[in-house]
Amino acid sequence: MAPLKFCANISWLFTELPHFSQRIYAAASASFEAVEAAWLYESDLQELQRAKEATGVEVVLINTPPGDVNAGDLGLGAVPGREAEFRQGLDLALTYARALGCKRIHLMAGRVPLGSNRQAVVEEMEAVFVQNLNYAADILSKVGDLLLCNYDVDISHQGAAAQYAKILKAIQMKNSSCLSLSGHVQIAQVPCRNEPNSAGELNYRYLFNTLENHGYQGYIGCEYKPSGSTKEGLGWLKDYCTHSK
């Protein structure tokens, strides 16, 4: 079995450093061969490119812009009335993804608007999400080898698996080649979202073995909050690499 591959989510790791370009260097120094990030859009794109080229680190995933985080936004993909903002954000994400050689975009659905009744708006949000997914896939079909993944289906919470299947079925089949169904794995301990080997509910040794046995070949994003410094918390990764040889 091939060992698993891990990438540093530099929105969560190496936050001791203020700039994303610095975090790319730090990730490379910590032996990560790849990084992912949430929102890089306040960073100078040329600086990010220089850091990527200097380190040889691969950028494997970025998110679409969240909207106005201070107003409670966390993505716009399924938010009624925000379609124009979503499309602008997608254009920005494509610009960064192409410049950084990133082939996966996490299209964030967003939250139920403040003051709305969840059950009352679910169907409308699903319809908007399908519309935006089809729009994004049409754009990607003209761009090349970029994929949408992690559609962030979290509109109804309960029955999420059924909702996910319903949305996938509604997406036009002509766009299926631009939509990744293989997923992207990210890890953090539950409930405190710290290192995988910290105290919590999940047995990551078992989960890693399961991924290996199923032949998972993609990167695993380290999207956790370090208990202390990022470097001090990487003992779990060193242990995994030692035992997987």
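The values are calculated or read from the model by the stated rules, or taken from the named source; none is laboratory data. As the structure is a prediction and not an experimental result, all values here were calculated from the model. Heads up, the Cβs are rebuilt from the backbone with ideal geometry, glycines too, and the neighbour counts pull from every protein chain shown.
Look through Y224, Y219 and report the one residue that is touching a His at 6+ places or on another chain (Cβ under 9 Å), of a type in the set (F, W, Y), in the same structural domain as A34 (by TED's automatic domain parsing) and modelled with pLDDT of 95 or more.
Y219 is the lone residue from the list that is touching a His at 6+ places or on another chain (Cβ under 9 Å), of a type in the set (F, W, Y), in the same structural domain as A34 (by TED's automatic domain parsing) and modelled with pLDDT of 95 or more.
Find the residue count for the range 98-123, including only residues that are hydrophobic (A, V, I, L, M, F, W, C), surrounded by 14 or more Cβ atoms within 10 Å (Cβ to Cβ) and either at pLDDT below 95 or within 13 Å of G67 (Cβ to Cβ) (or both).
Of the residues in that region, 8 qualify.
Has the range 9-21 got at least one residue that is in contact (Cβ under 8 Å) with a residue 24 or more places away in the chain, closer than 14 Å to G218 by Cα and assigned to a strand (DSSP E or B)?
So far as the range 9-21 goes, no, none of its residues is in contact (Cβ under 8 Å) with a residue 24 or more places away in the chain, closer than 14 Å to G218 by Cα and assigned to a strand (DSSP E or B).
Say we look at the range 214-229 and pick out the residues that are polar (S, T, N, Q) and out of contact with any Lys or Arg (no Cβ under 9 Å at 6 or more places or on another chain); which of these is surrounded by the fewest Cβ atoms within 10 Å (Cβ to Cβ)?
By that ranking, first place goes to S229.
Could you give me the residue pairs with C-beta distances under 9 Å whose first residue belongs to the range 217-234 and is farther than 16 Å from Q189 by Cα, whose second residue is of a type in the set (G, A, S) wherever it lies, and which are 6+ apart or on separate chains?
Hits for this filter: Q217/A2; G218/S182; G218/G183; Y219/A34; K231/A26; K231/S29; K231/A30.
Conditions (1) among the hydroxyl-bearing types (S, T, Y); (2) without any contact (Cβ under 8 Å) to a residue 40 or more places away in the chain; (3) not assigned by TED's automatic domain parsing to the domain that holds K166, marked per residue:
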| site | (1), (2), (3) |
| --- | --- |
| E53 | no, yes, yes |
| L74 | no, yes, no |
| A78 | no, no, no |
| T95 | yes, no, no |
| N117 | no, yes, no |
| A120 | no, yes, no |
| E126 | no, no, no |
| F129 | no, no, no |
| Y135 | yes, no, no |
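Looking at (1) among the small types (G, A, S); (2) out of contact with any strand residue (DSSP E or B) (no Cβ under 8 Å at 6 or more places or on another chain); (3) surrounded by 16 or more Cβ atoms within 10 Å (Cβ to Cβ); (4) assigned to a loop (DSSP other than H, G, I, E, B), which is the one condition that is false for A78?
(2)
Which members of the range 189-245 meet the condition of being farther than 24 Å from R104 by Cα, assigned to a loop (DSSP other than H, G, I, E, B) and among the hydroxyl-bearing types (S, T, Y)?
Hits for the range 189-245 are S198, S227, S229, T230, S244.
Can you confirm whether R50 is at pLDDT 95 or above, surrounded by 21 or more Cβ atoms within 10 Å (Cβ to Cβ), of a type in the set (K, R) and not in a loop (DSSP other than H, G, I, E, B)?
When the stated conditions are applied, R50 does not pass them.
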